[in-house]
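A short reminder: the numbers here are calculations on the coordinates, not readings from a lab. Everything quoted here is computed from the prediction, not taken from an experiment.
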Amino acid sequence: EDKVAYNNRGLCHYYMQNYEEAIRDFSRAIQIDPKFAEAYNNRGLAYHKKKEYYRALQNFNRALSLRPKDPRSYNNRGLTYSDQGDYLKAISDFTRAIKLTPRDAEPYFNRAMAYQRQRNYARAAADLTQSLEYSPQDMLCYYQRGLVYQKLGDYAKALADFQAALKLDPGNQKILKYIQHCQQKLRVKKGK
């Protein structure tokens with residue numbers, strides 16, 4: 001039997017949101033090769049989607065015990081910690097992922113979201129800026145950084161980011177409302 005075939009079929013089920021079937025296939029791949037770190041990571045993702053965070057963490061931990069330098073498993077475990085509200089552990093895991101793959105935008109973005117939930121807006125802005133350096137067409141990143149700049153009271157930078165986000169997602173009504181809000185705040189500021 002082929003562990004890779006089960007793992008790949010599990011990924012197909014995962015992307016079709018058939019998480020039970022995905023878990024079965026990842027488990028079969030692990031049964032064939034109990035040291036198949038990728039299958040543990042993928043099974044962790046499926047458990048995460050089912051909001052079975054304890055099982056997700058078990059799988060990410062096992063994947064990391066087999067492959068301690070796997071940035072994806074750190075990133076995925078960080079997302080699980082973040083969804084549980086444990087932002088310190090999440091930030092630690094995202095930081096490890098960044099150290100292993102410093103040019104990957106995703107862990108910077110995820111760490112920024114954890115900082116944002118801690119109301120550490122300055123660090124969130126810095127990480128979103130870093131994320132945009134590696135993924136300059138990421139609409140969501142511009143949008144999130146615009147929200148962060150609003151929280152910091154920097155409406156000019158927020159406006160610039162919302163406008164950049166709108167260029168990437170024209171007609172987005174939510175972004176248009178934020179642009180109007182920033183323009184209003186800047187007019188009030190000028191009037192003082």
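Values computed for the structure shown
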item	result
Globularity ratio of segment 16-57, using Cα Rg and 2.2 N^0.38 Å	1.05
Helix axis angle, 105-117 relative to the chain longest principal axis, alpha carbon, degrees	70 degrees
Acute angle (nearest 10 degrees) that the helix 37-49 long axis makes with the longest principal axis of the chain, alpha-carbon atoms	60 degrees
Exceeding the 22 Å Cα-Cα cut-off - candidates Lys35/Lys89; Lys157/Lys177; Lys151/Lys185; Lys69/Lys89; Lys51/Lys99; Lys3/Lys51	Lys35/Lys89; Lys51/Lys99; Lys3/Lys51
Karplus 3J(HN,Hα) series, Hz, for segment 5-22 with 6.51 cos²θ - 1.76 cosθ + 1.60 (x for Gly, Pro)	5, 5, 4, 5, 5, x, 5, 4, 4, 4, 5, 8, 6, 9, 5, 4, 5, 4
Degrees separating the helix 173-191 axis from the principal Cα axis of the chain, which is the longest one	40 degrees
Taking all pairs of distinct alpha-carbon atoms in segment 1-155, Kirkwood radius in angstrom	16.1 Å
